[in-house]
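The values are calculated or read from the model by the stated rules, or taken from the named source; none is laboratory data. As the structure is a prediction and not an experimental result, all values here were calculated from the model. As a convention, Cβ positions derive from the backbone with ideal geometry for all residues, glycine included, and neighbour counts pool all protein chains shown.
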Amino acid sequence: MTSNGPKNRFLGGGPKEKQDIPFAIFVGSLVLILVGLGECLWSGQGRETWLVVSGTLPFFILTAVLLIGGIGFWLKSDRFSATELALFVGITLPCSYITLALAFLWFSDLGHTVIWNSRIQKMTWEEAWIDKADRKDESDTHHRPSYTIRTEADEAISTNRGAWLTLVARFGGRKRVKSERNLMADMEDSRRPGSKREWSDRDGIPEIHTITWDGQKNSSVPTSREHIEANYLQAADTSLKIAGVKQNYLPYLVEYPRVTSGRFGQIEFDRVIEQKVKVEGGFHQLVDRKLDQALQTLGSEKQCNIVVYVVGTENVGFFQALREHWQEGKKNDICVCIGYTKKKIQWCQVMTYTDRTLFVENLERDVRRLETLDGKGDALVNTILTNINAANDAGYLRKPMADFEFLASDITMPWLTQALAFLWACVWLSPTVYICVRN
């Protein structure tokens, strides 16, 4: 049945049956808001960002400006109905929150990078595939192949074919690969000129292949992944920060290590630092490998990341300089800092977020008792892990960021960032205004 009445363009009916581009942009803006909200909630930063955003003046200013603007359009335009005004208000509040929350996380000191440790659970290879056009005047959509690692911490990491081939061999061979048809695909993309074997297996069926870890300890692959999380202590303008020390130790200080790319993708983290000193006997590689292996499970169980910083100075004042330089470290860090000269341990200090002082004191004492690090990589790793897993107050327990919520009101954002956030929110909501105003 055809209708002789006007098209309801709010529902997407474009003039003369053409695509309604403004409505598509409007839907896209809503999707972006939902994605931003999902990012904050899925990453566990919803509460932290809400406390910061709702406690700052920019949130109320931005919300007020947007609401006043929307009400102004409603009063001036007969096409802007009361129902559409309610829709606009319902979109404005989450838009204001998401805009400022992401601005705080990405462009202020509130968001800092923490390292999650886990291991590869499985890897998938999605063959190149084609989504056939529904109409003759449209073109087919070609999708490139993708290789994705999934960790036990439910992280998705994009990688390459080399990693796929290596993992297949490591996890038991091709006989353990499970294949299923890609239900989103119309056909396999294996006909493109010059396409390589990595695009598809060329059997004519668009498939997704999966290899799962075989559960053997010697075949497991440790992973480290960077995540942006909120840290009140780093972001707040507070006297709790260490300042004015590090200029005396600049040659001994390095930046906090980052996750790097290896043969399996962006999952490698060098957790041993040797600055102005070199420990013999393969210490660096041994400790790094042993800690990686332990953190495959310990990382999630204890919510921790371990860094060993060996520095060639007898002056324990360096530890305060490191605290200043790394801004107290990451909220899940256990940083074991060791002063090491003349092949002897001169001092040991631990930087971590915990209220269990007994754990810190015992770990520092036990490391000092090793006396030397040469040939004692295994002993150092065992000392660290034994103290982390100790019973009751002698073991490690991460201090929750909720204990620093009193600092949320001290966190500010640069004026330029605020101005850009305001501008982005206005752009973000402009499709909604247009949709509400038009007939």
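Take residue 174 and decide whether it is touching a helix residue (DSSP H, G or I) at 6+ places or on another chain (Cβ under 9 Å), loosely packed, with under 11 Cβ neighbours inside 10 Å and either closer than 18 Å to residue 189 by Cβ or not polar (S, T, N, Q) (or both). Taking the combined requirement at face value, the residue satisfies it. Among the residues of region 153-171, the ones that are in a strand (DSSP E or B) and either loosely packed, with under 14 Cβ neighbours inside 10 Å or in contact with an Asp or Glu (Cβ under 8 Å, 6 or more places away or on another chain) (or both) come to 2 in all.
Taking region 379-398 as the search range and keeping residues that are assigned to a helix (DSSP H, G or I) and without any contact (Cβ under 8 Å) to a residue 40 or more places away in the chain, which one is surrounded by the fewest Cβ atoms within 10 Å (Cβ to Cβ)?
Of everything passing the filter in region 379-398, 392 is surrounded by the fewest Cβ atoms within 10 Å (Cβ to Cβ).
Once region 199-251 is narrowed to residues that are within 22 Å of the chain's Cα centre (by Cα), assigned to a loop (DSSP other than H, G, I, E, B) and modelled with pLDDT under 85, the residue that is surrounded by the fewest Cβ atoms within 10 Å (Cβ to Cβ) is 236. Highlighted here are the helices (runs of 4 or more DSSP H) found entirely within region 17-91 that include at least 2 residues which are over 29 Å from residue 231 (Cβ atoms): 21-42, 57-76. When residue 327 is tested against (1) surrounded by fewer than 22 Cβ atoms within 10 Å (Cβ to Cβ); (2) assigned to a strand (DSSP E or B), just one condition goes unmet, and that condition is (2). Filtered by the rule that a residue be more than 22 Å from residue 217 (Cβ to Cβ) and touching a residue at least 60 places away in the same chain (Cβ under 8 Å), region 148-179 gives 158, 159, 160, 162.
Whether any residue in region 399-420 is buried (at least 16 other Cβ atoms within 10 Å of the Cβ) and of a type in the set (D, E, K, R) is what I want to check. No, because not a single residue in region 399-420 is buried (at least 16 other Cβ atoms within 10 Å of the Cβ) and of a type in the set (D, E, K, R).
Filtering region 300-333 to residues that are within 17 Å of residue 390 (Cα to Cα) and either out of contact with any strand residue (DSSP E or B) (no Cβ under 6 Å at 6 or more places or on another chain) or at pLDDT below 95 (or both) leaves 300, 301, 302, 303.
Scanning region 263-285 for residues that are over 28 Å from the mean Cα position of the chain (by Cα) and modelled with pLDDT under 95 turns up 280, 281, 282.
Listed here are the residues, each with its yes/no results for (1) outside the structural domain of residue 432 (by TED's automatic domain parsing); (2) over 30 Å from residue 405 (Cα atoms); (3) surrounded by fewer than 16 Cβ atoms within 10 Å (Cβ to Cβ); (4) of a type in the set (Asp, Glu).
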site	(1), (2), (3), (4)
59	no, no, no, no
84	no, yes, no, yes
92	no, no, no, no
95	no, no, no, no
130	yes, yes, no, no
134	yes, yes, yes, yes
140	yes, yes, yes, yes
143	yes, yes, no, no
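Any idea which of 119, 150 is more than 30 Å from residue 327 (Cβ to Cβ), part of a strand (DSSP E or B) and charged (D, E, K, R)?
150
Could you please let me know if residue 75 is surrounded by 13 or more Cβ atoms within 10 Å (Cβ to Cβ) and either touching a Ser or Thr at 6+ places or on another chain (Cβ under 7 Å) or modelled with pLDDT of 75 or more (or both)? In short, no.
Note on region 58-81: among residues that are within 32 Å of the chain's Cα centre (by Cα) and not hydrophobic (A, V, I, L, M, F, W, C), the one that is nearest to residue 431 (Cα to Cα) is 63.
Restricting attention to region 37-62 and to residues that are touching a residue at least 24 places away in the same chain (Cβ under 8 Å) and aromatic (Phe, Trp, Tyr), the residue that is farthest from residue 412 (Cα to Cα) turns out to be 50. Checking each residue in region 342-376 for being within 21 Å of residue 327 (Cβ to Cβ) and assigned to a loop (DSSP other than H, G, I, E, B) picks out 353, 354, 355.
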